[in-house]
Every structure is written in structure tokens, then in C-alpha cells.
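For reference, the structure is listed below as C-alpha cells.
The values are calculated or read from the model by the stated rules, or taken from the named source; none is laboratory data. Just so we're clear, the structure is a prediction, and the values are computed from it rather than from any experiment. Quick reminder, even Gly has a Cβ in these numbers, built from the backbone with ideal geometry, and neighbours come from all protein chains shown.
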Amino acid sequence: MSLFIYKIKFMYLFIDLGNTKTKWCLVSKENLEKSGSIFNNELTNFSIVNEDIESVFISSVNSEDLEKKIFEKIKPLCKEIYFASVSKKLLATNYSSELGIDRWLGGLAVSKMTTNNAILIDAGSAVTIDFIRNDSPQPIFEGGLILPGLHLFNQSLVEQSADISLKNKVMTTQINNTDMAIMHGFLMSVSGAIEKFLNFYQLDIENTDFFISGGDAELIFNSTHLGHKSNFKWVENIVIDGLKIYQQLTFSNE
């Protein structure tokens, strides 16, 4: 495992501490960027060397232990370290207090990307499908679905049956082996959930924008089962985008 060292004079550091990976992005006042990701079990090998970071913003859905680990890594670089939290002043929500900061930040980013109603699919360890309503006086995070991501989908099958496991993720149009039975099963479940979700909220497809992000976003986006592709926009890291907006709005509202 290698040591990651970046000697770049940026002003802000954004960190998305997810269930499996930590994604990060360094941004200067000139909007120059450097970004990357690392598995959480390799965080001891991650280091950023920089003398001019003004502030750090972190989105975390992980454990307090991992949060402390990343905090100790970042503390020598900067005194201003903020863990983002849901703020209804920045994006209203009808969801309960259980709403994860990653989903809310994704919704915050989407609310600035379109004036239409929007569906956000974030395909990571879990697949979340969320509705951001824009046909009201202000954008509202209404709610959404949580499904197992591909890894969890496969893991649940492996744990319950020794004969079922995913060995090859290369997609084919034919469903004639166990790998394709799992892959198409996962993709049909996601695409079917999106269709049912649209019907649940009685959304007009022509006036609804779709955003997709996360580690398995490309797999879902390229699926033959996914409809309304002309309405879809692929975003590399919607949580990081949300953190950037959170930083801008938090400072502007001080």
C-alpha cells in the first residue's frame, strides 16, 4: 500500500467519509481542483501535505472511531474543521431526523442544478433514490428509498447460499449464468424501484430531471433496463458537490 502525498496550495478541503471509501477534493480560490479516493481500511496510508488549507468540511456516515481517525489526520493542517449537518434553512426537508447527511447534501447539490423536480440516485454501498421537489416556493427534500448496493446485494446471496456468488461483473445481454442472474436482478430491482418511485409521487417524467452518482452509477446508467436516459445527468461525486455548496452558504449566512 502506497503513501498518498499532495503538495498543492489549495484553500478548502472537502471530505466524504462513506461506508466503504473516503473521497476528498482540494479546491483553491481559483477553483483549481485535485481529488481522489481511498478505501477506509487504508486511511493510515493517506496523508496531505499542505500549509495553506483555510478550512475543512466533512460529510460522515461512518463510525465515531473513523471520524476521530480522519480528524487526527487533518488537525495538523487546519484549525477550522467542520462536520456538516442537516440544516433546513439551506434545504427544507419533510424527512425525519434520521436523514443521513450524505443524502441531504446530495439533495442540496441537486436543488442548485435544476429548477425542475428531480430524482437523485446515489449508488454506493447502498442505493438511495431521493426526490427533491422544486414545484413549491422553495426546494424540499421529500424523501426516498434505500436499497442494497451491488456489493450488499451479492453478499446477502453469498451468506445464504454457498452456490450463489458473483464472480464476473462484465455485463452481457443474455441471462444464462449465475453472474448475469445476479447482475440483471440487481439492475432490474433498481430500475423497477425508480419507476415505482415516480408513480408513487405521480411525477411528470418530461418535467423531472434525474441525477446519478456513486461507485456503481456507471453500471446502472449503462443498463439496458434503465429508462428515461435522456433525462439523466451523471455526476461524479454529488456529496462533494453538496459540501461545496454547504461551505458557500454557511459562510455567506454567518
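Quick one: in the range 165-193, which of the residues that are β-branched (Val, Ile, Thr) and under 23 Å from residue 19 (Cβ atoms) is surrounded by the fewest Cβ atoms within 10 Å (Cβ to Cβ)?
182
Residue by residue, here is whether (1) of a type in the set (Phe, Trp, Tyr); (2) over 23 Å from residue 149 (Cβ atoms); (3) assigned by TED's automatic domain parsing to the domain that holds residue 111 holds:
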| site | (1), (2), (3) |
| --- | --- |
| 205 | no, yes, yes |
| 210 | yes, no, yes |
| 225 | no, no, yes |
| 251 | yes, yes, no |
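Scanning the range 94-134 for residues that are farther than 15 Å from residue 201 by Cβ, of a type in the set (Ser, Thr, Tyr) and more than 10 Å from the chain's Cα centre (by Cα) turns up 96, 97, 111, 114, 115. For residue 247, the conditions (1) in the same structural domain as residue 168 (by TED's automatic domain parsing); (2) assigned to a helix (DSSP H, G or I); (3) not acidic (Asp, Glu) are fulfilled apart from (1).
Regarding the range 211-220, can at least one residue be identified that is hydroxyl-bearing (Ser, Thr, Tyr), under 26 Å from residue 102 (Cβ atoms) and in contact with a Ser or Thr (Cβ under 8 Å, 6 or more places away or on another chain)? Break it down stepwise before answering.
First, pick out the residues of the range 211-220 that are hydroxyl-bearing (Ser, Thr, Tyr): 213.
From what's left, under 26 Å from residue 102 (Cβ atoms): 213.
Retained after the next criterion (residues that are in contact with a Ser or Thr (Cβ under 8 Å, 6 or more places away or on another chain)): none.
No, the range 211-220 contains no residue that is hydroxyl-bearing (Ser, Thr, Tyr), under 26 Å from residue 102 (Cβ atoms) and in contact with a Ser or Thr (Cβ under 8 Å, 6 or more places away or on another chain).
Scoring residue 122 on the criteria (1) touching a helix residue (DSSP H, G or I) at 6+ places or on another chain (Cβ under 6 Å); (2) outside the structural domain of residue 231 (by TED's automatic domain parsing) leaves a single failure, condition (2).
Highlighted here are the strands (runs of 3 or more DSSP E) found entirely within the range 1-104 that include at least 1 residues which are within 26 Å of residue 147 (Cβ to Cβ) and either at pLDDT below 85 or of a type outside the set (S, T, N, Q) (or both): 12-17, 21-27, 33-39, 55-60.
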